[in-house]
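Just below is one structure, and these are the notes that go with it.
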Amino acid sequence: MRTTASSVITRRQLIGGLAGASVAAALAPSVALGRASGSARPAQAPPPRRAPGGGLEVTELAPGVHMIAGAGGNTTVRFGPDHVVAVDSGLPDRAEMLLSAVRALAPDRPATLINTHWHFDHAGGNKAFAEGGFRVLASAKCRQRLAGGGRIDFYQRDIPPGEPRVLPIAGVVGQLELDAGGPITCTAQAPAHTDGDLTLHLRDADVIVMGDTFFNGIYPFIDYSSGASLPGIVAVADAALAQAGAGTKIVPGHGPLADAEALRRYRDMIRDVHDRVAALIDSGASEDQAVAAKPTAAHDQAWARGFFQGEQFTRIAYRTIQAERRGAPAR
Ligand SMILES: [Zn+2]
């Protein structure tokens, strides 16, 4: 099998002939390199509004690196003279608009789409991107879920199996190094927001892309029906913080561009809510009793400004802890 863009894989040869396979790429731990001098701390924008009806917002993070908001989850684009990589394809009904925005940044060159996870607001545009010539990559678990479909319990939403011709051509296990105008380290994470999250580190640009392991400034959705883990989210945040300097730009799955301090606040909130809800479960509290105990009270003013109020986030945390204790992921 030939791919149009195999030259992008500079190390850890991944692609050739491996359609549909899970690929164990190198497992070397990544190393924090190339930190910026620290003066470019991104501003903390106000909390996001729900799905604006209008256009997309494109922000340049570094030369050749852009964040695009407004198509669902945040999308990151990195391009060089001979390749473009887009991270996440947004909602299906925004896909053409998003694809046009990506192509406007980097027309006429081979292209790769990377999914941070399988949710429809991050992978919903895969069909449009694949038909637009993008080769698709994701973690092995994400690829499995896209292929098999499944139910997102909290939203009572059934996702149909993906069309084979637009599925990721391979599933990343461990770490994968790409190059598109600069190095990109992709890391398939242990269970966190789902069991198939991929994060990216653009070392030379000092940009970290978190996918939905990070919602900046708002309570997150956590997909307990896709094998999520609250301690896993804390661990992914810790790993990112170990690589981040004061000037690192951190792209969350939802919400405005962030910095390490914002991610640290998120990590601390997640850890505190986990500990409080876990203690309620240990004491025998039902889900409704846990909600009544208001374990998120100390955080609601800061975090209940987006998709969820404290009650809903308590229910999500309760169900995530329960599911993880049952060892029950995977549909
Ligand atoms: Zn998600």
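Please verify whether VAL102 is within 24 Å of GLN175 (Cα to Cα) and buried (at least 18 other Cβ atoms within 10 Å of the Cβ), treating the condition exactly as stated. The answer is no for VAL102. Scanning region 246-257 for residues that are within 17 Å of VAL58 (Cβ to Cβ), surrounded by 24 or more Cβ atoms within 10 Å (Cβ to Cβ) and hydrophobic (A, V, I, L, M, F, W, C) gives a single hit, VAL251.
Annotation note: Cβ proximity below 7 Å between a residue of region 220-234 that is among the aromatic types (Phe, Trp, Tyr) and within 12 Å of the ligand (Cβ to nearest atom) and a residue that is at pLDDT below 95 and not in a helix (DSSP H, G or I) (sequence gap 6+ or interchain) occurs for PHE221/PHE307. Just to be sure, is ALA278 farther than 23 Å from ILE68 by Cα and touching a Leu at 6+ places or on another chain (Cβ under 6 Å)? Here the answer is no, as ALA278 does not meet what is asked. In the set GLN189, GLN175, only one residue is among the polar types (S, T, N, Q) and within 16 Å of the ligand (Cβ to nearest atom); that residue is GLN189.
In this entry, ALA237 passes the filter for residues that are out of contact with any Gly (no Cβ under 9 Å at 6 or more places or on another chain) and part of a helix (DSSP H, G or I). Residue pairs whose Cβ atoms lie under 7 Å apart, separated by 6 or more positions or on different chains, with the first residue in region 251-265 and touching a residue at least 60 places away in the same chain (Cβ under 8 Å) and under 8 Å from ASN216 (Cα atoms) and the second of a type in the set (Lys, Arg) and away from the ligand (no atom under 16 Å from the Cβ), are LEU257/LYS249. On the stretch given as region 158-178, residues that are part of a strand (DSSP E or B) and out of contact with any helix residue (DSSP H, G or I) (no Cβ under 6 Å at 6 or more places or on another chain) total 7.
What are the residues in region 100-133 that are more than 13 Å from the ligand (Cβ to nearest atom), of a type outside the set (Ser, Thr, Tyr), within 26 Å of PHE215 (Cβ to Cβ) and outside any loop (DSSP other than H, G, I, E, B), if any? Across region 100-133, the qualifying residues are ALA101, VAL102, LEU105, LEU113, ILE114, ASN126, LYS127, ALA128, PHE129. Restricting region 59-79 to residues that are in a loop (DSSP other than H, G, I, E, B) and under 17 Å from ASN115 (Cα atoms), the residue that is nearest to the ligand (Cβ to nearest atom) is GLY73.
The values are calculated or read from the model by the stated rules, or taken from the named source; none is laboratory data. It should be emphasised that the depicted structure is a prediction, and the values quoted were computed from it without experimental measurement. Cβ coordinates were reconstructed from backbone atoms using ideal geometry, including for glycine residues, and neighbour counts include every protein chain displayed.
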